[in-house]
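Note sheet for the following structure.
The values are calculated or read from the model by the stated rules, or taken from the named source; none is laboratory data. Computed from a predicted model, the values in this text were never measured in an experiment. All Cβ positions, even for glycine, are placed from backbone atoms using ideal geometry, and neighbour counts span all protein chains on display. Accessible surface areas use protein heavy atoms only, side chains included; no ligands, DNA or RNA. Shrake-Rupley method; radii C 1.70, N 1.55, O 1.52, S 1.80 Å.
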Amino acid sequence: MGTATVGQPVIGVSVGPLREQVRGRVLAADDEGYDEARAVHNGMFNKRPLAVLHAEQVADVIAGVNFARDNGLDLSIRGGGHSAPGFGTNDDGLVIDMSPMRTVLVDPRNKTARAGAGATWGDFNHATHAFGLATTGGIISTTGITGLTLGGGIGYLARGCGLSVDNLISADVVTAEGKFVTASAHENEDLFWALRGGGGNFGVVTSLEYRLHEVDQVFAGPIFYNLEDAASLLSMFDEFIQDAPEQFGGFPAFQIAPPLPFIPENRHGDTLALAVVHWAGPPEQAQKVLQPFLDVAPVVANGTGPLPYPALNAAFDALYPKGVRAYWKGAFVQELPEQAIAVHVEHGSRVPEVSATMHLYPINGACHRVGPTDTAFAYRDAKYGMVFLASWTDPSKDAERIQWVRDYYQALAPYSEPGGYINFMQDDDYGKIRDNYRQNYDRLVQVKRVYDPGNLFHINQNIAP
């Protein structure tokens, strides 16, 4: 193993030896396509790595890891590239881009699927939906499956099927030493435990095997309300979700009304309260289950209806295109008292543009049936995973948009847990690592010391060895 210090600037490293060892493309600064290859989803980050390796197979990943380690290079691993802090790129280091490794193999008999680490949830859902199957994924279909899963995996199906990590059967991993290992309940169990919530700290995941569930057509969509009814909606939702059937997944939010055909034209551009509802149970029960959302307050617009699950998973993609500038924060929430609802109404009413929002994702139900130390995901008692997100295109609005997110987040801090969901953490949240992992932090450090004692994998919400 190389002795170069990880993260120190490296002068004069040639990518020639790496090109000779891989099948995938290696793009350096003077290669055509370099600018496209170095771009991540969040337009706030404009970094210039030494090279981007498009890994086509595990052998390429092993070569890339060895090259970065032996040359003392910073190493970023990119799946979908959606990391809010821009972890999928760096300056002067190596980026291993997993996107060519996106094959999804479905075993409908055993209700499992194995996916390459570069697959997005859109890729995954397309493959599994052909068999009427799905597992818990995110809210945006262009998100990579690996990053979302390693952080825990909150999504529409979480209350009924558990988090993404609760459906992970095994993962193939290339370690900092360049060794290939499989982690599962029966093999490298400590690594398997750590991967389920511990992020990208322990190696490069090259494929993941998931348990699938029978989810085909769902009844889902947005229901918009007047802003003055936001408090009633939040209060109703908090009571409703306590013992709602677990096939219900959805969340309240604030949203400037986009120009969608089902929203009255005179309300386009108005700030509204919103419930995104989703029912994956028997279709004939949808109306009864969702009735509280129609009764709670006058409905401004109702965009619900039957649709295939993959269409729901892609419904918000247009609000979050590649290159958009983005900043977000997150927190776990146990309770939603009246005072917290008042804070939500105050700050949610100031949502600055159509692609900025607050989502309150329920993570009770099946998520609570896994113990707080059974996986690295620590907040098994939280009722909600909350996210504040702003995305925008004009760089002159950076400070203003970031401030809106921070103010909203800070105002709710008295009603939130100290830690938050790793996938909602920002590049100014490094001080929260221990809070995010709570009782699991010390054990994660021990696993890190075994699999990555030199901290090669440090461009993440880092657990230092």
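Some points to look at:
- Percentage relative contact order, the stretch 343-433, counting C-alpha pairs under 8 Å, at least six apart: 31
- Rg of the Cα atoms in the chain, relative to 2.2 N^0.38 Å, amounts to 0.95.
- Cα centroid of the stretch 305-354 to Cα centroid of the stretch 188-211, whole Å: 28
- Qualifying aspartates and glutamates (Cα of each under 16 Å from Cα of K329; at least 8 residues distant if same chain): D398, E400, D407, E417, D427, D428, D429, D435
- Sorted peptide list for 109-115, 293-299, 92-98, 452-458, criterion being average Cβ within 10 angstrom, highest first: 92-98, 452-458, 109-115, 293-299
- Reachable lysines from K288, criterion Cα separation under 30 angstrom, eight or more residues apart if same chain: K111, K383
- Rounded to the nearest 20 debye, the dipole size of the chain about its Cα centre is 580 debye, using +1 on the Cβ of Lys and Arg and -1 on the Cβ of Asp and Glu.
- In the chain, Cα pairs under 8 Å separated by at least six residues give a relative contact order of 16 percent.
- With every protein chain in place, the chain: carbon and sulfur % of accessible area (1.4 Å): 50
- Three principal axis lengths of the stretch 21-105 [C-alpha, angstrom, descending]: 34, 32, 24
- The accessible area of W328, taken with all protein chains in place and a 1.4 Å probe, comes to roughly 30 Å².
- Based on DSSP H segments of at least four residues, each scored -39500 (n - 2.57), the chain has a per-residue ellipticity at 222 nm of -7000 deg cm²/dmol.
- Relative contact order, percent, the stretch 10-161 [alpha-carbon distance under 8 Å, six or more residues apart]: 18
- Fully extending the segment from E36 to K179 would add 48.5 nm, taking 0.36 nm per residue of separation and subtracting the current Cα-Cα distance.
- Only Lys, Arg (+1) and Asp, Glu (-1) charged, at Cβ; the stretch 412-465 dipole about Cα centre in debye: 260
- Farthest positive-ward along the chain dipole, Cα basis, beta-carbon charges - from F262, A280, V95: V95
- Taken about its Cα centre, the stretch 317-400 carries a charge dipole of roughly 220 debye when the Cβ of each Lys and Arg holds +1 and the Cβ of each Asp and Glu holds -1.
- Each of M358, M44 has its accessible area taken with a 1.4 Å probe; listed largest first, they run M44, M358.
- Solvent-accessible area per residue for the chain (1.4 angstrom probe, square angstrom): 38
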